[in-house]
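J.: Encoded as structure tokens, here's the structure I'll be asking about.
The values are calculated or read from the model by the stated rules, or taken from the named source; none is laboratory data. Treat the numbers as computed from the prediction; the structure is a model and nothing was measured. Here the Cβ positions follow ideal geometry from the backbone for every residue, glycine too, while neighbour counts run over all protein chains shown. The protein model used for the area step is the full one, side chains on, heavy atoms only, and it has no ligands, DNA or RNA in it. Shrake-Rupley method; radii C 1.70, N 1.55, O 1.52, S 1.80 Å.
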Amino acid sequence: MTESIEEKKVPAKTPATAPDEWLKVESLDLDAQGVAHNAEGMVVFIEGALPFEEVQFNVHRRKNNWEQGTVTAIRRESSQRVRPGCPHFGLHTGACGGCKMQHLDAAAQVAVKQRALEDNLWHLGKVRPENVLRPLEGPAWHYRYRARLSVRHVVKKGTVLIGFHERKSRYLADMQVCPVLPKQVSDMLMPLRALIGSMDARETCPQIELACGDAPGTTALGTIALVLRHLQPLSNADIGRLKAFAAQNAGVQWWLQAKGPETVKLLEEGGTPLSYELPEFGVTMPFKPTDFTQVNPHINRALVGKALRLLDVGPEERVIDWFCGLGNFTLPLASRAREVLGIEGSDTLVGRAGDNFRKNQPATSARRALSPTRFVARNLFEMTPAMLVADGSADKWLVDPPREGAFALAKAMADLHLQPELRTDGWAPPKRIVYVSCNPSTLARDAGLLVHQAGYRCTFAGVINMFPHTAHVESMAVFDLA
């Protein structure tokens, strides 16, 4: 449980909050819980409460020096409290647990995330950015182009449920709409429930993974890929039902997954392959439904543009894109730099990135030819100074790691800074690093290494609201050689 304010010193076994005590909420933590202190100084985490509200709550968990509960009454309401945009959001029994912040104004949500980023940078990394970037924001609704939807046939209710789990529960929420999914997909939830309910395999299909692509040549919603996980072979009748559903719903494309991700296959050949556009760079990115792509395509387009403007790549510069994936940043970088190296941990993704580069390589009237680009596979969680030197010097770096961060990379940089004798073959550190993060705590840890041991300044940092209404914090930081 993360707290966004300094905890007051309290003795062990501090007296519990009195049932009739009103608490003033001081801040919001990363689980979207209000943070307060009772009359004895005990920290209290309150679901459903917002900063500056005066509330009462019922306790459902208690330790020696903190309590956790749910708001029951509000005496003074926050001016930033809003009506949730989804009927399934809330604290009631059966409420969906997919979103945590719909009761808070969208702009205030971003401010909470910005504070969380700055708190993590300081408390975990002892780093304060010299400048705060303006938040990157996009549509607050219908933004989620990727989702893993659970499926359950509930015999007692005589229905099939499809969607996210209930708040703090292993049960599925009875979702009839989902306003964070594309409207076409939200409108499809009830027909999907009826479809699965009509199938012979309704007891053995636990999951549908959603992946949406752009319509060719546009950024509008195009292909809607639905990956059906099935534990037993599907009957011919069920195959027919899936095909009929796709024929009745424009853009729908069924994929079947019998076992692991490697078994995913397209049900019917033809149709429009999945891809997304980066029009600022004249790039089209084909992908498969199980590939990692950003959940929010609107923000991804803005993020790539912002990252490249901050990196400020010149036509004579060499750039390394660490954790390059399918080439989301690599291909746009290749439209600006002299040479690009993309490094990724997965051989499969390296192959796919190379394919994407070749598909985008012919110059057109709207785009110049991409610069020489090479992709290599390497375990980026086991980087050493020698491996770093072997990849050669680069003028700029783009780093976009998973939640685990880029500790080994930052540590290798620190070692090379503190032990100059390791810098063989004329290796020199990059002048600027743009680090895109989906976890502020690992960003803060790595920032601490870069700033305090590798010779960099943190010149910019800011949040990217990739997941509106959730507590997920995406961010970006810029490091310049001191």
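J.: Checking the structure you have, find out if any residue of the range 101-119 is more than 30 Å from residue 225 (Cβ to Cβ), open to solvent by 40 Å² or more (accessible area, probe 1.4 Å) and in contact (Cβ under 8 Å) with a residue 60 or more places away in the chain.
T.: The answer is yes, given that some residue of the range 101-119 is more than 30 Å from residue 225 (Cβ to Cβ), open to solvent by 40 Å² or more (accessible area, probe 1.4 Å) and in contact (Cβ under 8 Å) with a residue 60 or more places away in the chain.
J.: Of all residues in the range 363-377, count the ones that are among the charged types (D, E, K, R) and modelled with pLDDT under 95.
T.: 2
J.: Out of the range 439-482, which residues are under 14 Å from the mean Cα position of the chain (by Cα), under 10 Å from residue 117 (Cα atoms) and in a strand (DSSP E or B)?
T.: The answer is 463, 474, 475, 476.
J.: Sticking with this one: Looking at the range 413-426, can you tell me whether even one residue there is within 28 Å of the chain's Cα centre (by Cα), of a type in the set (Ser, Thr, Tyr) and not in a helix (DSSP H, G or I)?
T.: Checking the range 413-426: not a single residue is within 28 Å of the chain's Cα centre (by Cα), of a type in the set (Ser, Thr, Tyr) and not in a helix (DSSP H, G or I).
J.: Please give the helices (runs of 4 or more DSSP H) falling wholly within the range 166-261 in which 3 or more residues are under 30 Å from residue 278 (Cβ atoms) and charged (D, E, K, R).
T.: Here the list is empty.
J.: Out of all the residues in the range 437-450, which are surrounded by 22 or more Cβ atoms within 10 Å (Cβ to Cβ) and not acidic (Asp, Glu)?
T.: 437, 440, 443, 444, 447, 449, 450
J.: Still on this structure, please answer the following. In the set 151, 132, 155, 177, which member is more than 24 Å from residue 464 (Cβ to Cβ), open to solvent by 40 Å² or more (accessible area, probe 1.4 Å) and modelled with pLDDT of 95 or more?
T.: The unique qualifying residue is 177.
J.: Follow-up. Of all the residues that make up the range 190-221, how many are touching a Gly at 6+ places or on another chain (Cβ under 8 Å) and either open to solvent by 20 Å² or more (accessible area, probe 1.4 Å) or within 11 Å of residue 162 (Cβ to Cβ) (or both)?
T.: Qualifying residue count, the range 190-221: 3.
J.: Restricting attention to the range 57-95, and to residues there that are in a strand (DSSP E or B) and aromatic (Phe, Trp, Tyr), which single residue is least open to solvent (accessible area, probe 1.4 Å)?
T.: Here the answer is 57.
J.: Also: Among the residues of the range 298-330 satisfying the criterion of being of a type in the set (A, V, I, L, M) and under 22 Å from residue 222 (Cα atoms), which is surrounded by the most Cβ atoms within 10 Å (Cβ to Cβ)?
T.: Selected residue: 326.
J.: Within the group 388, 341, 398, which residue is farther than 20 Å from residue 276 by Cα, buried (at least 19 other Cβ atoms within 10 Å of the Cβ), in contact with an Asp or Glu (Cβ under 6 Å, 6 or more places away or on another chain) and among the aliphatic types (A, V, I, L, M)?
T.: Testing whether each residue is farther than 20 Å from residue 276 by Cα, buried (at least 19 other Cβ atoms within 10 Å of the Cβ), in contact with an Asp or Glu (Cβ under 6 Å, 6 or more places away or on another chain) and among the aliphatic types (A, V, I, L, M) leaves just 398.
J.: Sticking with this one: What do you reckon, is residue 314 at pLDDT 95 or above and either outside any loop (DSSP other than H, G, I, E, B) or farther than 15 Å from residue 146 by Cα (or both)?
T.: Spelling it out, residue 314 is indeed at pLDDT 95 or above and either outside any loop (DSSP other than H, G, I, E, B) or farther than 15 Å from residue 146 by Cα (or both).
J.: Taking only the range 96-144 into account, find how many residues are of a type in the set (Val, Ile, Thr), outside any loop (DSSP other than H, G, I, E, B) and in contact with a Leu (Cβ under 6 Å, 6 or more places away or on another chain).
T.: Summing the residues that are of a type in the set (Val, Ile, Thr), outside any loop (DSSP other than H, G, I, E, B) and in contact with a Leu (Cβ under 6 Å, 6 or more places away or on another chain) in the range 96-144 gives 1.
J.: So, residue 302, is that one in contact with a Gly (Cβ under 8 Å, 6 or more places away or on another chain) and within 26 Å of residue 479 (Cβ to Cβ) or not?
T.: When the stated conditions are applied, residue 302 passes them.
J.: Only residues that are open to solvent by 10 Å² or more (accessible area, probe 1.4 Å) and touching a helix residue (DSSP H, G or I) at 6+ places or on another chain (Cβ under 9 Å): list them for the range 29-56, please.
T.: 30, 51
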